[in-house]
1. Of the residues in the range 276-313, how many are assigned to a loop (DSSP other than H, G, I, E, B) and surrounded by 24 or more Cβ atoms within 10 Å (Cβ to Cβ)?
2. Of the numbered conditions (1) modelled with pLDDT under 50; (2) assigned to a loop (DSSP other than H, G, I, E, B); (3) surrounded by fewer than 22 Cβ atoms within 10 Å (Cβ to Cβ), residue 358 satisfies every one except a single condition; which is it?
3. What number of residues in the range 200-222 are in contact (Cβ under 8 Å) with a residue 60 or more places away in the chain and over 18 Å from the mean Cα position of the chain (by Cα)?
4. Show the residue pairs that are 6+ apart or on different chains and have beta-carbon atoms under 7 Å apart, the first residue being within the range 233-248 and outside the structural domain of residue 266 (by TED's automatic domain parsing), the second being loosely packed, with under 14 Cβ neighbours inside 10 Å.
5. How many of the residues in the range 457-474 are farther than 14 Å from residue 205 by Cβ and in a loop (DSSP other than H, G, I, E, B)?
6. Restricting the search to the range 164-176, which residues are in contact with a strand residue (DSSP E or B) (Cβ under 8 Å, 6 or more places away or on another chain) and surrounded by 24 or more Cβ atoms within 10 Å (Cβ to Cβ)?
7. So which residues in the range 61-80 are surrounded by 14 or more Cβ atoms within 10 Å (Cβ to Cβ) and in contact (Cβ under 8 Å) with a residue 12 or more places away in the chain, if there are any at all?
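The values are calculated or read from the model by the stated rules, or taken from the named source; none is laboratory data. Because the structure is a prediction, the values reported are computed rather than measured. Ideal geometry is used to build each Cβ from the backbone, glycine not excepted, and the neighbour counts take in all protein chains shown.
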């Protein structure tokens with residue numbers, strides 16, 4: 001953490017946490033000038049609806065770096081588990097950017113590369129578990145345009161995440177992000193890109209923006225605030241009043257207040273103190289003073305709608321927290337949806353659609369089937385020491401992992417732990433009712449309206465038209481059909497989706 005005594009003038013969070021490296025004056029000026037020109041063109045394109053996150057087309061990203069830097073980065077990761085940055089030239093939709101930061105992104109998705117951080121308890125892969133150093137175009141990457149050139153951006157974003165997935169089309173994550181958008185749940189944007197590295201063959205990849213990015217925060221939260229990233233190995237426990245005790249559980253990725261690190265962590269510490277240590281009566285009466293309760297009910301409901309088994313209380317602890325200074329309220333930001341819909345694995349390992357009252361699927365809703373279907377744990381899966389799987393994991397009695405009617409693998413199975421906020425929220429009758437109401441309302445507005453199916457059909461048709469040289473049309477149709485079955489449970493809808501992908 002930054003020592004305020006050595007930091008007499010508070011710096012913007014970007015300067016404090018990213019430690020931008022200075023470049024030679026001449027080269028830096030030229031790079032910045034080129035960046036500003038590209039950004040102007042990108043902004044104009046975005047205003048015309050042709051920006052990078054336009055999902056009506058497949059975009060392009062190519063990366064070039066020194067092979068020796070790449071090998072050194074791999075060696076460091078294998079030896080220590082650290083993900084070092086290397087410099088690269090990145091071209092996005094024809095706009096070239098020099099002196100770009102590039103590093104590996106992910107945790108379980110990188111287990112195929114080795115490294116100390118890969119010897120962990122069993123948990124779902126972010127990707128398909130087959131990543132290889134010999135196929136860098138298939139690795140999950142973080143591209144940071146402003147890592148070494150301050151102000152360098154493309155279409156109003158500096159950070160781009162090239163995602164891993166266990167499907168060939170990544171349709172599950174793309175559609176899940178659309179569901180979150182339709183549910184008014186804060187999350188990321190995504191689009192498809194042809195991705196290549198050092199002249200390699202192109203691969204179809206889903207690319208996201210990132211809540212680490214100052215520009216993402218400025219767009220989504222124009223008022224003063226702080227955004228924290230929950231670490232995959234951390235938890236939501238109260239650890240006392242010392243900010244240093246929280247840095248391994250939450251990282252303050254964005255802070256527009258200009259305060260010290262201790263000041264940045266103060267709202268988080270106060271929030272976790274309340275969540276963990278308040279009485280049940282205090283929790284029920286005062287939670288609304290700390291948390292946007294309606295937004296959190298929608299977040300929980302939407303994560304169930306997409307059957308995500310790896311969210312706030314899943315094995316990856318995937319979430320951000322945003323603190324709004326003006327309201328004093330926290331909001332959970334959704335992150336990491338590539339295990340949604342079971343990763344297109346045939347209905348989801350521990351779910352497969354939204355859950356209604358008492359854990360039963362709404363009649364005629366997504367995945368209209370018995371609640372227990374497709375919910376057995378993977379064959380041979382053993383929980384880590386000290387973790388017991390819930391008795392009703394198989395859903396035979398209509399309940400699901402996590403209890404309280406939550407679907408999508410919630411509640412800390414497969415290596416995850418109970419999240420105090422989720423557990424206490426759902427244990428309170430009024431908050432649980434708000435969650436159940438949000439689930440029913442979103443089921444109707446997001447799924448029964450046909451909006452999600454229409455979006456899936458459009459994506460499948462677009463990928464077939466523009467990317468069937470990267471993923472064959474039959475695979476696109478098959479994965480779209482699998483996903484459609486989870487959205488609607490209707491054979492007619494499945495057929496329509498498959499037809500859209502092949503037309």
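1. Restricting attention to the range 276-313, the residues satisfying the condition of being assigned to a loop (DSSP other than H, G, I, E, B) are 278-279, 290, 292, 306-313.
Cutting the leftovers down to surrounded by 24 or more Cβ atoms within 10 Å (Cβ to Cβ) gives us 306-313.
Counting residues in the range 276-313 that are assigned to a loop (DSSP other than H, G, I, E, B) and surrounded by 24 or more Cβ atoms within 10 Å (Cβ to Cβ) gives 8.
2. Just one mismatch for residue 358, condition (2).
3. Residues flagged as in contact (Cβ under 8 Å) with a residue 60 or more places away in the chain and over 18 Å from the mean Cα position of the chain (by Cα) within the range 200-222 amount to 5.
4. Short answer, once both residue conditions are applied: none.
5. 3
6. Of the residues in the range 164-176, the ones in contact with a strand residue (DSSP E or B) (Cβ under 8 Å, 6 or more places away or on another chain) are 165, 168-170, 173-174.
Result: 165, 169, 170, 173, 174.
7. 61, 62, 63, 64, 65, 69, 70, 73, 74, 77, 78
Residue by residue, here is whether (1) within 12 Å of the chain's Cα centre (by Cα); (2) in a loop (DSSP other than H, G, I, E, B); (3) assigned by TED's automatic domain parsing to the domain that holds residue 306 holds:
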{"position": "151", "(1), (2), (3)": "no, yes, no"}
{"position": "161", "(1), (2), (3)": "yes, no, no"}
{"position": "172", "(1), (2), (3)": "no, no, no"}
{"position": "175", "(1), (2), (3)": "no, no, no"}
{"position": "184", "(1), (2), (3)": "no, yes, no"}
{"position": "187", "(1), (2), (3)": "yes, yes, no"}
